[in-house]
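Here the structure comes first, spelled out in structure tokens, and everything after it is commentary.
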Amino acid sequence: MSTGCLIGSAVIAVIVAPWIGGLLRGIDRKLTAHMQGRIGPPIIQPFYDVIKLFGKKPMVAGGAQLAFAYAYLALIITATVFFALRQDLLVVLFILFFGSLCLPIGALSVKSPYSQFGGHRELLQFLAYEPILLLAAIPIALKSGGFTIANIFEYGQPLLPHLWITFIALLIALAIVMRKSPFDISSSEHAHQELVRGVVTEYSGPYLALIELGHWYEMVLLLSILGLFWVTGGLWWLSIIIALASWFIMLIVDNINARLTWSWMLKFAWGAGISLVALNILFINLGWM
Amino acid sequence: MGILSTSRVKSPWLLHFDCGSCNGCDIEILAALTPLYDIERFGIVNMGNPKHADVLLVTGPANYRNYRVLRNLYEQMPDPKGVIVVGTCGCTGGVFHNCPNIIGGIDKVIPVDVYVPGCAARPEAIIDGVVLALKKLSRS
Amino acid sequence: MIGTLVGLAILFPIITGLICLLIKNHRARGGIVSLTAVVLIISSILFLRQGPFPIEYSSASTWDSVILVFNYVILAIFLFVAIRDIGQRGISRHNILAIALTLAAGIPLAIFEFSWAPHTPLEVTPALYIDHLSIIMCLIISIIGSLICVYAIRYMRDHEEHRMHLGELKETTQPRFFFFMLMFLGAMNGLVFANNLLWLGFFWEMTTLACWGLIRHDETPIAITNAFRALWMCLIGSVGFSLAIMFLWNSSLNTISLMEVINNGAAAGPLFLLPFALLCLAGLTKAAQLPFQSWLLGAMVAPTPVSALLHSSTMVKAGVYLVLRIAPGFQGTHLSTLIAIYGGAVFLATAILAISQSEAKKVLAYSTIGNLGLIILCAGINTPLAIAVGIMLLIFHAISKGLLFLCAGAIEHHIWSRNIEDMEGIARNLPLLTGITIAGMLSMLVAPFGVLIAKWGAMEAASSIGVWSTLVLVLLMLGSGATTVFWAKWIGRFLCHSPVPGSSKMEPFIPLYHGILLMLITFAAVFSILIAPVYNSIVAPALTETGYTAALAFTTGAWFLKSPMGIFAAWPIFIIITLALLIPALTARAKPEASRSSYMCGENVEIGVDEFVAVADERTGLKTGGFYIENILGEGNLNRFVVPVGIVLLVILFVVAMI
């Protein structure tokens, strides 16, 4: 792909991603309501919410809180741009993690009991999903011959048949990033009130809107990474189906599960998630896959 | 209406505070959240945190024990915001109005926008009250 | 010219150290330390501009005799202090082990030097072998080490004033302190230049001596105990050294020249991996890898500049330097793979242990051990890419960790505590100092900085070593996650405070604290931006000279660094991330009237007051704290597994080396 094309796709990604993210959140709320026997809000409800939040008067409760809300959004957009520019997958993940890290640090920078709870729990979530995502980059690279996303496009075959074990592990990470039960321990996507919404307790108005926007980007970026598993070798639209299917699985998991403890989450993510990816790497190295 | 006021009307997040009512009105508020009334249809979500809320829903009479908490919660809600009083006690003090520990209606402590009388107020009336409060939000 | 520079790098700091020992005047001593720093920095930069590398240099043979004599003098000092300690404080595990291990290291060496060797002292040509790897180490030692010494001028004054105020100290002990500090720099420079294994061994003992002297500096009972622990643990490495020398001389190789051993190691016969394993053991003890980590943690009792010196530019870096140096000798063997797994295990274990620590310097210490484990892992992976990453990590870790220890020391001198919990909200009163510290922590942790570039390289390198890479990668990724948690948690503690009424005030600028800290953070940033030129000008030549193909490691362009499998767009990332962080950090300010108390169920009192109304309308202070999960991740719990695993891995290391 030419440089112009890549830059164009990066611009499009930055503009389109929040719309997709917002719509997915709206459909999520609608479907969840239906699953619970309710009618639910309109599909564009998340946009109403965010615009309303932007229109509210700012309010702060401490130190460096605000800077981290901006940094969170800015860094995750950066990660999206690097993804669209088909850069190194590990580098994209590192920037994404830096962005995600701004959220707990922002929460911890307020002297507030609930915010501190949320920040620490968010760090535990981070501890659970970061290694899975990083490790999942390895089998992708081993199979496609390089760590850059451009390599995956050049590989010419779908990755999913070889890497379905890794894919399952990535779903665990996706559930944690999307704040879905049973992993919504620091705060929930839905307005569950557990511990007055954990990591975002002390964020309000426009800053909460920034974080919500960042969350949409984050979700779309992660779904795009899942889409990479069938991006070439004909039937490219299957990548979109795969991403949407994973998203729908998260919805069902969310609705049939209760929240569990952080120690269970850590055990499950490290035990099941990491070993699945490790098995996949081992199989590739042994030439079985 | 501009896009901002539309959004305000479409997305009121509630904070529910009980100043010491008999819990009758509180049960009716929760009833409004059940699938039967399903107020999330209108984008209404019950929040646990004043910093995220647009509308404060108060039940029970203002009293010396916790008026300070009520005022703190009100101050921690970012502008623009509305206050709805649900139930007769909150409107005027109701059956408690002459008790020694009672200040009176909620409007003795914080400014109130909408009064929803009733003992207890019905869910339909509560939803009606929220809609009225939204009119105020859309104007601000 | 070379002779002069070698003299300036090795002898000059030792001589000025001796002068410091005689001077009682504070100002004069400060002047001498500063002069030494300037001379060392200039001479190391001149060294870099010398060429062509590698330089082979042999001095007059009298120096062989001098080193022979002083080597036994140092061993005698070890014996003397250990026996004196038995006299003063009775028999303990530490002093008995120190005596036993001194003898175990000294007697084989004496047998070798006086009975096996054809002539005493045994000379080797060249005595010094200086390539880019040595020069990189020399630059780290001379620049960062010197800056730490300059910082110590002010720090030790404050430190002693505080101790005199508490009545713990009657007269100044600074002459001794600066003697050991400067001697340390000289010994380290000697260590990285030496090619004669006897010389290397001598400088090795000299660093052990300086380390012992600095840890026990405050002469509290715990300091003395910990100093002896450091002594005997490092002496295990010396025993390994002596045995390696004897083995090499006895084998068909018949040499004690380090470069010959590395280049023709396999000619030593079927057991040729054994000397490498012994030298690695020496490196691992010095680098405080598992199960020897306790000496470095114990070294925390020393004044903070000592920790900074031990962790960034000297001592532990000598250990990883040796492993990196001999890595070409065991390339492609099972020993190499096992060292990679060992390094990964250390990285993971220390990262998890660090989560449970609430003492600032202990967290930094565990992070050091973990990062050294990462360097060892790179040496074990042993591809050109991995070694390049190892060297880069050596540089960036030295800068960042030196900076962080100095920050911890400066903070300690403002709040008189080392506990992270006591650092809650100090961003409010010490904005500049905490700003630098947080930048330093980010430089250990996140994307545009060198340590992360190295971590990225390590991950890509580790994926290319076949079946065992699975295990190495799992250890690496899990460790990487845990690392993030303890840094983020700490940053959060710094920033945790309520809104400040009115504008916050900057703390007074102390040149010897803030100035040096600013210099180091600038180094970290500038080297990260200039990663491509830095790689081309010093790391790539170092690779070529040690026998790796630099083209297989990184290729560079104006704005990127390209590994065989991936690409790191250094410049764009640096620019974008700096903007994404700096703009909000400098501009995002809320108006004072937007300030509210944090949410406390409506029981908050007033803005800026960390209190709430509790039972019976009583105002109660709000306390928040970090989590440490000590019952699960604490030392008491984890060390039961971590230490045996370390011992088992070391045993397997030797078993693998023997077969």
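Since every read-out is calculated from the coordinates, none of them should be taken as a lab result. Worth saying up front: this structure is predicted, and the values here are computed from it rather than measured. As a convention, Cβ positions derive from the backbone with ideal geometry for all residues, glycine included, and neighbour counts pool all protein chains shown.
Give me the percent of DSSP beta bridges within the stretch B:3-139 that run antiparallel, rounded to the nearest 5. Provide the component values of the computation, followed by the final result.
Details: 2 of 18 bridges.
In the stretch B:3-139, approximately 10 percent of DSSP beta bridges are antiparallel ones.
Return the distance in nm (one decimal) between the two label points of a simple spin-label model at C:Leu586 and C:Trp416, each offset 7 Å from Cα along Cα→Cβ.
3.8
List the residue ranges in chain A for DSSP H helices whose C-alpha atoms run 18 angstrom or more along the long axis and whose Kyte-Doolittle average is 1.0 or above.
Details: long enough: A:3-35 (45 Å, 1.08); A:65-84 (29 Å, 1.81); A:89-108 (29 Å, 2.67); A:113-144 (47 Å, 0.55); A:160-177 (24 Å, 2.39); A:205-227 (33 Å, 1.14); A:238-256 (27 Å, 2.18).
Answer set is A:3-35, A:65-84, A:89-108, A:160-177, A:205-227, A:238-256.
I need C:Lys170, A:Lys30, B:Lys81 ordered by Cβ neighbour count within 10 Å, fewest first. Can you show the working numbers first?
Details: C:Lys170 8, A:Lys30 18, B:Lys81 22.
By the 10 Å Cβ count, ascending: C:Lys170, A:Lys30, B:Lys81.
What average count of beta carbons from other chains do you get within 10 Å of the Cβ of residues in C:442-448? Each step should come with its number before you reach the end.
Numbers: counts 2, 0, 0, 4, 8, 12, 3.
That average works out to 4.
DSSP beta bridges in the protein assembly as shown, what fraction antiparallel, as a percent rounded to 5? All intermediate terms of the calculation are to be shown ahead of the outcome.
Details: 17 of 34 bridges.
Percentage antiparallel, nearest 5: 50.
In degrees, nearest 10, range 0 to 90: what is the angle between the Cα axis of helix B:123-139 and the longest Cα principal axis of chain B?
60
Relative to a virtual label point 7 Å from the Cα of A:Ile240 in the Cα→beta-carbon direction, which members of the stretch A:1-33 show backbone nitrogen distances below 15 Å?
Only A:13, A:16-17, A:19-21, A:23-24 pass the distance filter.
Post the alpha-carbon centroid distance, the stretch C:604-648 to the stretch A:242-281, in whole angstrom.
29
Looking only at B:Val55, B:Val85, B:Val45, which one moves most when chain B is put into a Gaussian network model with springs between Cα atoms under 10 Å?
B:Val45
Say we join alpha carbon atoms closer than 10 Å with springs in a Gaussian network model of chain A; which of A:Ile149, A:Ile44, A:Ile140 then has the biggest fluctuation?
A:Ile44
Normalising by the residue count of chain A, find the relative contact order in percent from Cα pairs under 8 Å and 6+ residues apart. Walk me through the numbers before you get to the answer.
Values: 441 pairs, mean separation 71.5, N = 289.
RCO, chain A: 25 percent.
Between the stretch C:204-255 and the stretch C:134-157, what is the C-alpha centre distance in whole Å?
Between the Cα centre of the stretch C:204-255 and that of the stretch C:134-157, the gap is 22 Å.
Please check: in the Gaussian network model of chain A (C-alpha springs, under 10 Å), which one of A:Val92, A:Val231, A:Val14 has the largest mean-square fluctuation.
Most flexible of the set in this elastic network: A:Val14.
State, as an integer percentage, the relative contact order of chain C based on alpha-carbon contacts under 8 Å between residues 6 or more apart. It would help to have the intermediate numbers written out before the result.
Numbers: 1042 pairs, mean separation 89.2, N = 659.
Reported as a whole number, the value is 14 percent.
Would you mind ranking C:Met506, B:Met47, C:Met459 by Cβ crowding within 10 Å, fewest neighbours first? Let's see the in-between values first.
Numbers: C:Met506 11, B:Met47 19, C:Met459 26.
Exposure proxy ranking, most exposed first: C:Met506, B:Met47, C:Met459.
Which whole-number percentage describes the relative contact order of the stretch B:3-139, with Cα contacts under 8 Å and a sequence gap of 6 or more?
Numbers: 280 pairs, mean separation 39.6, N = 137.
Averaging sequence separation for qualifying contacts and normalising by length gives 29 percent for the stretch B:3-139.
With only Lys, Arg, Asp and Glu charged, each at its Cβ (+1 for the first two, -1 for the last two), find how big the charge dipole of chain A is about the Cα centre; round to the nearest 20 debye. Can you show the working numbers first?
Numbers: 16 positive and 13 negative charges, 95 e Å.
Around 460 debye, computed over chain A.
Sort C:Leu633, C:Leu338 so the one with the fewest other Cβ atoms within 10 Å of its own Cβ comes first. Write out the running numbers ahead of the final one.
Numbers: C:Leu633 18, C:Leu338 23.
The fewest-first ordering by Cβ neighbours comes to C:Leu633, C:Leu338.
Setting aside same-chain residues fewer than 8 positions from C:Lys562, which lysines have a Cα under 22 Å from its Cα?
Once the sequence-local lysines are set aside, what remains near C:Lys562 is A:Lys143, C:Lys455.
What order, most packed first, do the peptides C:111-124, C:523-536 have when packing is the mean number of other Cβ atoms within 10 Å of each residue? Working shown, then result.
Details: C:111-124: 14.1, C:523-536: 18.9.
Result, highest mean Cβ count within 10 Å first: C:523-536, C:111-124.
Cross-link partners among aspartates and glutamates for A:Lys56, C-alpha distance below 15 Å, same-chain residues fewer than 8 apart left out?
Correct list for A:Lys56: A:Glu202, A:Glu212, B:Asp54, B:Glu75, B:Asp79, C:Glu593.
Name the residue from C:Val648, C:Val363, C:Val474 whose Cα lies farthest towards the positive end of the charge dipole of chain C, charges +1 on Cβ of Lys and Arg and -1 on Cβ of Asp and Glu.
Checked the options; the winner is C:Val363.
Would you calculate a helix-derived [θ] at 222 nm for chain A, using -39,500 (n - 2.57) for each DSSP H run of n ≥ 4 and dividing by the full residue count, to the nearest 500?
Numbers: 11 runs with 201 residues, N = 289.
Mean residue ellipticity, 222 nm, calculated: -23500 deg cm²/dmol.
Could you give the angle, 0 to 90 degrees to the nearest 10, between helix B:24-33's Cα long axis and the longest principal axis of the Cα atoms of chain B?
The helix B:24-33 is inclined about 10 degrees to chain B.
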